[in-house]
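**Q** Please see the structure below; I have some questions.
Since every read-out is calculated from the coordinates, none of them should be taken as a lab result. Just so it is clear, the structure is predicted and the values come from calculations on it, not from any experiment.
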Amino acid sequence: MITSTRRVSPDKPEYRIAFSLDEPSELKDVEDFLQTFPDLEQQLQPLLPCQALKESVQVYKDHCKMAKEFHKVKTEIALLEDRKKELIEELMEDEKASVEIARLEEEFRVLSEENRTLVKVHSQRLETLRVLIQKRQGSS
């Protein structure tokens, strides 16, 4: 006879489960499932089944299967949340880059316009200088 004692929560009494090992093949199957599920709250942890009742063993196996699926889904959610954070960071970097590109394009436009104005003023001053030099040479 095997007994197992579990406390569902600190304020609740302990539960004691006893069962015999009359069917060793069933025990082997159950031992395959014996494990802890750290993702589950204490009151949701699977309790060892009553070996004498096949329904109890099946419920235990189903419970363990659901606990494994829960762990898998929880892990996938965590991975997806991490990926979401990465994508948000990339998006923020892209937005910063877009703002910087727009700023640089505007700066380039302003500087190009200033350059055209300066080239035009330079050409006018150069022409004025040529005219003045010709007048000096013509008056001398």
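**Q** Could you list which residues have their amide H under 5 Å from that of Q51, counting only those 5 or more apart in sequence or on another chain, with H placed in the peptide plane?
**A** So Q51 has HN proximity to S20.
**Q** Sticking with this structure for a sec: Find the eigenvalues of the gyration tensor of the Cα atoms of region 66-115, then list the square roots of 5 times those eigenvalues as equivalent ellipsoid semi-axes, largest first, in whole angstrom.
**A** Output for region 66-115: semi-axes of 48, 4, 4 Å.
**Q** Over the alpha carbons of region 82-140, what is the largest minus smallest coordinate on each principal axis, giving the biggest first in Å?
**A** 85, 10, 6
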